[in-house]
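Colleague: Here's a structure for you.
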Amino acid sequence: MADSEEFQHGPRAQAGLGLGERLRSARKARALSVTQVAEALHLEEPMVLALEEDRFEAMGAPVFVRGHLRRYAQLVGLAPDAVLEAYRAAVPESVAPPPLARARVEPESVRVGPWLFWLIGGVLVAVLAFTLFGGGEEPAATQDAPALLEHDAMEPAGPLPESAPEPMPVPGAEAPAAAAGPAAPADASAAAPPGGGP
């Protein structure tokens with residue numbers, strides 16, 4: 001804890017050493033090489049050197065910088081909160097890049113290639129050929145049908161029956177009709193004697 005107290009209040013803090021220089025001094029005090037720190041933090045050596053040289057913009061977004069600083073401070077025995085406070089003082093939030101906003105993506109203009117002209121031309125030729133050779137005339141059967149209908153409608157259908165057609169006998173229904181008695185004649189002239197008297 002002596003290193004962390006020295007980091008916050010010691011002569012190095014008063015001398016105005018940068019954050020990266022403080023990390024480098026703590027690394028050297030622990031006898032760690034840049035390669036060892038890079039392996040322990042799962043970083044590449046140039047990233048460790050960027051931290052030690054206060055080139056935080058090379059590290060990417062501030063959230064990544066804070067994470068790497070916290071882990072580096074823990075590795076070399078410095079207080080992570082004090083290191084992060086020094087980082088916030090060195091790089092104010094107003095200087096930090098703003099959060100990424102969704103960029104408005106403009107759709108690319110539709111590029112009309114020669115294939116589109118060939119396609120439209122082919123469709124037009126097909127429609128024209130169908131109209132001229134296949135679909136321009138109606139079949140002969142449909143042309144004659146209206147004339148036949150008109151001709152049949154003009155001719156009389158024939159004489160209408162004077163009496164209703166006789167009902168078809170239903171099997172099994174004849175027995176009750178026979179028990180009731182003889183059926184009345186269908187024609188009224190047959191029921192009355194000629195001459196009109198009773």
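The values are calculated or read from the model by the stated rules, or taken from the named source; none is laboratory data. What you are looking at is a predicted structure, and each value in this text was computed from that prediction instead of being measured. Because the Cβ atoms are built from the backbone with ideal geometry, glycine has one as well, and the counts that use them run over all protein chains shown.
Colleague: Can you find, within the range 45-94, the residue that is modelled with the highest pLDDT among those that are β-branched (Val, Ile, Thr) and closer than 14 Å to Gly20 by Cα?
Modeller: Val76
Colleague: Continuing with this model, one more query. Surrounded by 11 or more Cβ atoms within 10 Å (Cβ to Cβ), in a loop (DSSP other than H, G, I, E, B) and modelled with pLDDT of 90 or more - does that describe any residue in the range 18-32?
Modeller: Yes, some residue in the range 18-32 is surrounded by 11 or more Cβ atoms within 10 Å (Cβ to Cβ), in a loop (DSSP other than H, G, I, E, B) and modelled with pLDDT of 90 or more.
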